[in-house]
Amino acid sequence: MIFPNWTTNSIVLYAILLIAALSAGPVIYFGQALGENKLRSRGQIPARAGMAFLYSVPILALYLSARDYVPNANPIQWTVLAVVALHFVKRVSESLFVHRYSKPSGLLPTLLVASLYSTAAYVIGWMNRDPIPGMDIGFAFGIVSFLVGIAGNFYHHKLLADLRKNSLDYFIPKGGWFGYIVCPHYLFEIITWLGFAMLSRHLAVWLILLFVIGYLTARALRTLEWYRREFPTLPKDRKAILPFIL
Ligand SMILES: NC(=O)c1ccc[n+]([C@@H]2O[C@H](COP(=O)([O-])OP(=O)(O)OC[C@H]3O[C@@H](n4cnc5c(N)ncnc54)[C@H](OP(=O)(O)O)[C@@H]3O)[C@@H](O)[C@H]2O)c1
């Protein structure tokens, strides 16, 4: 793992990042954010446009964080920038062409999530000016983890979208890992971010991964509660995010 130079400023910044990472899960799980209905609260802006915007801004943030060293970047730095950019391009494309949203998005949540993702992308791009010294087994694992993550995430997004061929209602999802957990798309999203952490190796990126794990695990647990409330026929052994365990 690559640690920062510990100065007063960096200690304060990393303490904030650690607190944010550790509190993401409890805030989402115990907060009111997910409310009574399914996760995404109703807002005023068209969902596709809002989501595409939300995932586009981090691409700009990544570019801004790296533009000064990009002309002299080495293959490791290029790889880190490419996987993060690819992830967000994929999410923009899914928002535009795959997801079938049931309602408009809220302006405030859209701006908040765009800021969080942009901060994450900026931090990864910034840290990448000091990359790992060479490609090792962890780097190869990072690439595999990234590829498995985006493929699995996309596959389960497609299964969700296919539920809505005839109506924008909610259904019990089937196929893939939906047979074991209600949020396989979240599990594969975590695997994608594990890939980023393995490729970057910076402490800050591991803390971002911790944030993503806390956030998505809490969201998956709340989603499972929602399914149990809405669909009493949901099999009793269905878990939230980790097959057979959680
Ligand atoms: N890195 C992170 O921290 C993070 C955090 C959140 C999300 N994400 C990414 O964003 C992706 C989407 O997240 P999300 O929270 O919006 O996922 P989600 O709530 O599962 O929704 C994804 C899409 O599927 C629809 N859907 C969900 N459950 C359905 C059901 N039972 N029947 C029919 N349609 C259903 C949703 O409909 P509605 O339009 O009705 O909502 C939405 O259009 C995640 O998989 C992940 O890749 C990442």
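The values are calculated or read from the model by the stated rules, or taken from the named source; none is laboratory data. These numbers were taken from a predicted model, which means no experiment stands behind them. Backbone-built Cβ (ideal geometry, glycine too); neighbour counts: all protein chains shown.
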ask   = In the range 44-63, which residues are loosely packed, with under 14 Cβ neighbours inside 10 Å and closer than 23 Å to PHE146 by Cα?
value = LEU60
query = Counting only residues that are in a helix (DSSP H, G or I) and polar (S, T, N, Q), which one in the range 64-95 is surrounded by the fewest Cβ atoms within 10 Å (Cβ to Cβ)?
reply = ASN72
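Matching residues to (1) modelled with pLDDT of 95 or more; (2) assigned to a helix (DSSP H, G or I); (3) charged (D, E, K, R):
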position	(1), (2), (3)
LEU187	yes, yes, no
ILE190	yes, yes, no
ALA197	yes, yes, no
LEU207	yes, yes, no
PHE211	yes, yes, no
TYR215	yes, yes, no
ARG228	yes, yes, yes
PRO235	yes, no, no
PRO243	yes, no, no
key: Filter result for LYS174 (more than 9 Å from the ligand (Cβ to nearest atom), farther than 15 Å from VAL84 by Cα and out of contact with any strand residue (DSSP E or B) (no Cβ under 9 Å at 6 or more places or on another chain))   = yes
remark   = Filter the range 96-122 for residues that are surrounded by 14 or more Cβ atoms within 10 Å (Cβ to Cβ) and in contact with a strand residue (DSSP E or B) (Cβ under 8 Å, 6 or more places away or on another chain); the one that is nearest to PRO4 (Cα to Cα) is THR110
request  = Working only within the range 193-246, note down all residues that are within 19 Å of ALA24 (Cβ to Cβ), of a type in the set (Gly, Ala, Ser) and over 12 Å from the mean Cα position of the chain (by Cα).
outcome  = ALA197, ALA204, ALA218, ALA220, ALA240
ask   = Is it true that some residue in the range 59-81 is within 16 Å of the ligand (Cβ to nearest atom), out of contact with any helix residue (DSSP H, G or I) (no Cβ under 6 Å at 6 or more places or on another chain) and more than 27 Å from ILE137 (Cα to Cα)?
value = no
task = Give me a count of the residues in the range 177-208 that are near the ligand (Cβ under 10 Å from one of its atoms), surrounded by fewer than 20 Cβ atoms within 10 Å (Cβ to Cβ) and among the aliphatic types (A, V, I, L, M).
result = 0
task = May I ask you to say which residue of THR223, THR233 is at negative phi, near the ligand (Cβ under 10 Å from one of its atoms) and of a type in the set (S, T, N, Q)?
result = THR223
Residues of the range 161-171 satisfying the condition of being small (Gly, Ala, Ser) and within 7 Å of the ligand (Cβ to nearest atom) = ALA161
query = Quick one: would you say LYS165 is in contact with a helix residue (DSSP H, G or I) (Cβ under 9 Å, 6 or more places away or on another chain) and either basic (Lys, Arg) or without any contact (Cβ under 8 Å) to a residue 60 or more places away in the chain (or both)?
reply = no
inquiry  = Looking at the range 120-139, can you tell me whether even one residue there is touching a Phe, Trp or Tyr at 6+ places or on another chain (Cβ under 9 Å), of a type in the set (Val, Ile, Thr), within 17 Å of THR223 (Cβ to Cβ) and assigned to a loop (DSSP other than H, G, I, E, B)?
reply    = no
